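Quick notes on the structure that follows.
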Amino acid sequence: MCGIIGCFGRGDETLDTLVHGLAKLEYRGYDSAGVALLGDEITVCKTAGEIADLRDALRSKSLSGHLGIGHTRWSTHGPPTDANAHPHLSERGSVAVVHNGIIENYQTLRDELTAAGRTFTSDTDTEVVPHLTEQGLDEGMEPEAAFRAAIERLEGSYAIAALIEGVNAIFAARNDSPLVVGIGSDGSTDDTTTGDGDQVFFLASDVPAFREFTADVVYLEDGEFARIDGTLAVTDRDGTPVSKSIHTVEWDAEETGKSGYDHFMLKEIHEQPRALRQCLRGRVNELTASVDVPDVDDISFVHPGGGRGKFSGVQFVACGTSYHAAMYATQLFHEAGVPAQAFLASEYATSPPPVGDNLVVGVSQSGETADTLSALREASSRGGQTLALTNTVGSTMNRECDHTLLIRSGPEIGVAATKTFAGQLATLNLLSLATAERPASRRSLVPALRELPGQVQQVLDESNAEAVAEHYADARSYFFIGRGYQYPVALEGALKLKEISYEHAEGFAAGELKHGPLALVDEETPVFALVVGDGEPARKTVGNIKEVEARDGPVVAVTDGRSDAGRYADHVLSIPESHPRTAAILGNVQLQLVAYHVANRLGRSIDRPRNLAKSVTVE
Ligand code: M6R
């Protein structure tokens, strides 16, 4: 939700490094921002608004110090105001804190601290942390002990970074909210050594904040504390040192820039061919029609017609776009004869079904979504085996689940999930092919998967989505319909459009339209119909198109041209002929472009839509 950055060892560059890191993290939250530097004393600058507003505010403020912390916020407690922006200071200003997450017992702590004479200046839950730390200092505790004692009082989720006057260090703690330490060499290259010498340390909610300085990272775990003071010391809750491994991030800093595109979302839509190649590389072999996914080697399913396996079925848990991917996945497993269900993660956690001997798969781009984590933990606590299907190495899901299957899409900065949805669908195909499906389906699907990146490129090169978007940009409402594999894509098309254009959009199973939503269709309600192939599902969907036409609803057919959908449509968005499963990915690219161009024409904040955040780490 919020973005945290810390920097130690960049001397006079510290402030610039912090602000630059915040700009890289702005996708995590963007309603207020701030920084604090530690010199002889702690100095802070913070403001409501975006990083650009923080840069403006810094022009009239003098901050000094060679280590610091920063924050970009997505409000949970209190509106986005200067006072609620982080960092938050203690009564005397001797402690500064930035925080991501929610402190559930903050009201009790705040009442207690207020009764003890401490004055609060914000509405946030975070502010209790600097006050508690300073209270410890006032009682004579050593700085690190005071910080640890403050953290011990917290209930809830947190990634916290703190500065304490008089100590040349950044203190950090995590519980249920990501924090990663980057370790670089002095200077600004990533030819890092991790041994002796002048080292630079970064602390962040996510790697893009410092990737251009180093690829070497240490992921902090729940319950761990870090002290960065020229070396990195990680300890557990009891203060026992924890030995940490250094991981190397495999993607480049350029992948977190816009590369000439107006928006990250458009760039990421166009990165899909490459992302899909990365996803499939080394995992499918067209010659032998085989699939090789070592990460899931020890996963197998009991088949109705015989065949021994470890799991009798699969339960998917996910949110938003990832839930649409999960819905798609259930059909893959059904076709393979394996029972599968998709659950909204928040509902799974609220009312958990029996886990039995199902594999429980969390589908999540970030690997940090609180609802999905909660569902996976619920499944684990009931003895279920879990698998994280995620884009994020080192994420909490990656570390907590029994198995991980990476989608390999590369970093996604736009709040709207685009290339990661394509990556999820492709990877879910790999999962079903590797663990559940028979050779016959492999023979038809493997070539389709291999062709997919090229076909996505073809759609991107030839799409008329911008003209279609232009035509319908003033519509009152947008409907999306599809059957089978195209149904989750209809839902996804609607989510994408509403998320970034703020216009009303709904997706339906094509067959459901006549059971209620058709009452809303009129000449101002374009219906985007996904029609693939020339079989029964396509014929039925063409029937639904005719029902829309009869009510004067404009129709946009997203089709491979094998049915006569185009004949009845007002506009056509073409996709190449392919397997129904890969056609879903191709049709989705057209709908991503429609959403993008409608939002762009309406002048929306495409990469950072209002009220939303990239990584939703609260339930
Ligand atoms: O990181 P996750 O895939 O777990 O995120 C789940 C949803 O929050 C996410 O897909 C959200 O719906 C996107 N903003 C959609 O574009």
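The values are calculated or read from the model by the stated rules, or taken from the named source; none is laboratory data. Just so it is clear, the model here is predicted, and its values are computed rather than measured. Neighbour counts run over all protein chains shown; Cβ positions are idealised from the backbone, glycine included. What goes into the accessible areas is simple: the full protein's heavy atoms, side chains included, and nothing from ligands, DNA or RNA. Shrake-Rupley method; radii C 1.70, N 1.55, O 1.52, S 1.80 Å.
Residue by residue, here is whether (1) open to solvent by 10 Å² or more (accessible area, probe 1.4 Å); (2) over 21 Å from GLY313 (Cα atoms); (3) away from the ligand (no atom under 13 Å from the Cβ) holds:
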position	(1), (2), (3)
PRO352	yes, no, yes
LEU359	no, no, yes
SER366	yes, yes, no
GLU378	yes, no, yes
GLY383	yes, no, yes
LEU405	no, no, yes
ARG408	yes, yes, yes
Qualifying residue in region 96-112 (condition: free of Cβ contacts under 8 Å to residues at least 60 places away in the same chain, crowded, with 24+ Cβ neighbours inside 10 Å, more than 22 Å from ARG10 (Cα to Cα) and of a type in the set (S, T, N, Q)): no
Pairs, first within 13 Å of ILE606 (Cβ to Cβ) in region 494-514, second modelled with pLDDT of 95 or more and of a type in the set (S, T, N, Q), C-beta under 7 Å, six or more apart: LYS496/GLN592
Top-ranked residue of region 469-481 - restricted to ones that are out of contact with any helix residue (DSSP H, G or I) (no Cβ under 6 Å at 6 or more places or on another chain) and more than 20 Å from HIS270 (Cβ to Cβ), ranked as surrounded by the most Cβ atoms within 10 Å (Cβ to Cβ): PHE479
Selection from region 429-468 of residues that are touching a helix residue (DSSP H, G or I) at 6+ places or on another chain (Cβ under 9 Å), of a type in the set (Gly, Ala, Ser) and surrounded by fewer than 22 Cβ atoms within 10 Å (Cβ to Cβ): SER441, ALA448, GLY454, SER463, ALA467
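Among the residues of region 261-269, are any aromatic (Phe, Trp, Tyr), outside any loop (DSSP other than H, G, I, E, B), open to solvent by 10 Å² or more (accessible area, probe 1.4 Å) and under 18 Å from LYS24 (Cβ atoms)? Give the steps one after another, and end with the answer.
Within region 261-269, the first condition is being aromatic (Phe, Trp, Tyr), and the residues that meet it are 261, 264.
Then keep just the ones that are outside any loop (DSSP other than H, G, I, E, B); that gives 264.
Those still in the list that are open to solvent by 10 Å² or more (accessible area, probe 1.4 Å) too: 264.
Now narrow it down to the ones that are under 18 Å from LYS24 (Cβ atoms): 264.
Looking for residues that are aromatic (Phe, Trp, Tyr), outside any loop (DSSP other than H, G, I, E, B), open to solvent by 10 Å² or more (accessible area, probe 1.4 Å) and under 18 Å from LYS24 (Cβ atoms), one finds at least one in region 261-269, hence yes.
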Subset of region 148-176 [surrounded by 24 or more Cβ atoms within 10 Å (Cβ to Cβ) and either without any contact (Cβ under 8 Å) to a residue 40 or more places away in the chain or more than 22 Å from VAL44 (Cβ to Cβ) (or both)]: ALA150, ARG174
Pick from region 389-403, criterion within 22 Å of ARG277 (Cβ to Cβ) and buried (at least 24 other Cβ atoms within 10 Å of the Cβ), ranking: farthest from the ligand (Cβ to nearest atom): LEU389
Scope region 312-329; condition touching a helix residue (DSSP H, G or I) at 6+ places or on another chain (Cβ under 9 Å), on the phi < 0 side of the Ramachandran plot and either modelled with pLDDT under 95 or open to solvent by 10 Å² or more (accessible area, probe 1.4 Å) (or both); matching residues: CYS319, THR321, SER322, TYR323, HIS324, MET327
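What about HIS131, is it open to solvent by less than 10 Å² (accessible area, probe 1.4 Å), more than 30 Å from THR369 (Cβ to Cβ) and either not hydroxyl-bearing (Ser, Thr, Tyr) or not in a strand (DSSP E or B) (or both)?
yes
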Residue that is modelled with the lowest pLDDT [pool: residues in region 410-437 that are within 15 Å of the ligand (Cβ to nearest atom) and of a type in the set (Val, Ile, Thr)]: ILE413
Unique residue being of a type outside the set (A, V, I, L, M) and more than 16 Å from the ligand (Cβ to nearest atom) when the list is GLU268, GLU255: GLU255
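Yes/no matrix, rows are residues, columns are (1) open to solvent by 10 Å² or more (accessible area, probe 1.4 Å); (2) under 14 Å from VAL589 (Cα atoms); (3) not hydrophobic (A, V, I, L, M, F, W, C):
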site: ARG483; (1), (2), (3): yes, no, yes
site: GLU492; (1), (2), (3): no, yes, yes
site: VAL542; (1), (2), (3): no, no, no
site: ALA550; (1), (2), (3): yes, no, no
site: ASP564; (1), (2), (3): yes, no, yes
